[in-house]
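FYI, it's all coordinate maths here, none of it is from the lab. No experiment lies behind these values; they were computed from the predicted model shown. Methodologically, a virtual Cβ is constructed for each residue, glycine included, from the backbone with ideal geometry; neighbour enumeration extends over all protein chains shown.
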Amino acid sequence: MKQKSENGMKLFVPKKAATVLSIFIFIVAVGASAFRNDAPVKQITFSTINRDSVESVQAFEIVYKTLMSPRCMNCHPAGDVPLQGDDSHLHAMGPKRGLDGKGVYAMKCSNCHQETNIAGLHMPPGNPEWHLPPAAMKMVFQGKSAHELAKQLVDKKQNGNKDIKKLIEHADDGLVLAGWDPGEGRTLPPVTHAEFKKAWITWLQSGAYAPKK
Ligand code: HEC
Ligand code: HEC
């Protein structure tokens, strides 16, 4: 009984395979004849690299190194405590983000961060709007690859519902400008504000392509 069924299988498989093969050959033959044509093969050349994407990714390099500089990243931390200094260490005394990004209880950002910079080394930088992004929309830069950050910046669910126009306007936001007026003893972002703004707009207007990594 067992022997019989094994033999049966052995015979059945090649037969089935042969049927499938002959059907396949038939399809290929019919298909090839449909395309038989005496005209010379037309040469089609096209570039797979889109010029916009190259320009966009190049501009994002400048954007990325600015966003990841301490003057920007210190307010865009991965956790709920802001960062300080050029080494981006956790903020002394650990003020917390809070729901609105403005601190909690007695540790409100505005208790120490006044409307303008306070003169002297290690004094709090000032701005009337000084705070972190809110808990529901943390806009984290710290630890993000260029690829991840590029995707995140244009995602309305992660960028505070900003379209391209609003994103462009954000280049002149008070807290962005504060990066170039950081108070005594702090280094500036790697490029000027004008250079950052130009790269930001170029990146956004040429399709906001994300680098591969
Ligand atoms: C004092 C803290 C603070 C500093 C410093 C700061 N930011 Fe922000 N940033 C915020 C807050 C708060 C928001 C959210 C505000 C909003 O949505 O309007 C934000 C939002 C953003 C956004 C929009 C978010 C997105 O995903 O598109 C960008 C872009 C941005 N910041 C860039 C910068 C750059 C560039 C610098 C440095 C030159 C900088 N920020 C410095 C607090 C800061
Ligand atoms: C108890 C006072 C105090 C509170 C409250 C406070 N800060 Fe600060 N903050 C400072 C001081 C002082 C410095 C400067 C430290 C230094 O330069 O060594 C500073 C520096 C910073 C920096 C670094 C700026 C830079 O360019 O590197 C950021 C960012 C910051 N604070 C964000 C916040 C945020 C956001 C809050 C509220 C959630 C907050 N701080 C609450 C006192 C405070």
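Six or more apart or on different chains, Cβ atoms under 6 Å: show the pairs whose first residue is in the stretch 63-86 and under 16 Å from HIS170 (Cβ atoms) and whose second is part of a helix (DSSP H, G or I) and near ligand 1 (Cβ under 10 Å from one of its atoms).
Hits for this filter: VAL63/TRP200; THR66/PHE196.
Regarding the stretch 145-162, can at least one residue be identified that is free of Cβ contacts under 8 Å to residues at least 40 places away in the same chain, under 19 Å from TYR64 (Cβ atoms) and of a type in the set (Lys, Arg)?
Yes, because at least one residue in the stretch 145-162 is free of Cβ contacts under 8 Å to residues at least 40 places away in the same chain, under 19 Å from TYR64 (Cβ atoms) and of a type in the set (Lys, Arg).
Suppose we filter the stretch 72-97 for residues that are near ligand 2 (Cβ under 7 Å from one of its atoms) and either within 18 Å of SER145 (Cα to Cα) or more than 23 Å from the chain's Cα centre (by Cα) (or both); how many remain?
Matching residues across the stretch 72-97 total 9.
Of all residues in the stretch 66-93, which are assigned to a strand (DSSP E or B) and closer than 15 Å to MET139 by Cα?
LEU83
Has the stretch 111-130 got any residue that is among the charged types (D, E, K, R) and free of Cβ contacts under 8 Å to residues at least 40 places away in the same chain?
Yes, the stretch 111-130 contains at least one residue that is among the charged types (D, E, K, R) and free of Cβ contacts under 8 Å to residues at least 40 places away in the same chain.
Is it the case that THR192 is of a type in the set (Ser, Thr, Tyr), out of contact with any helix residue (DSSP H, G or I) (no Cβ under 9 Å at 6 or more places or on another chain) and more than 24 Å from ASP80 (Cβ to Cβ)?
Judged against the criteria, THR192 is a match.
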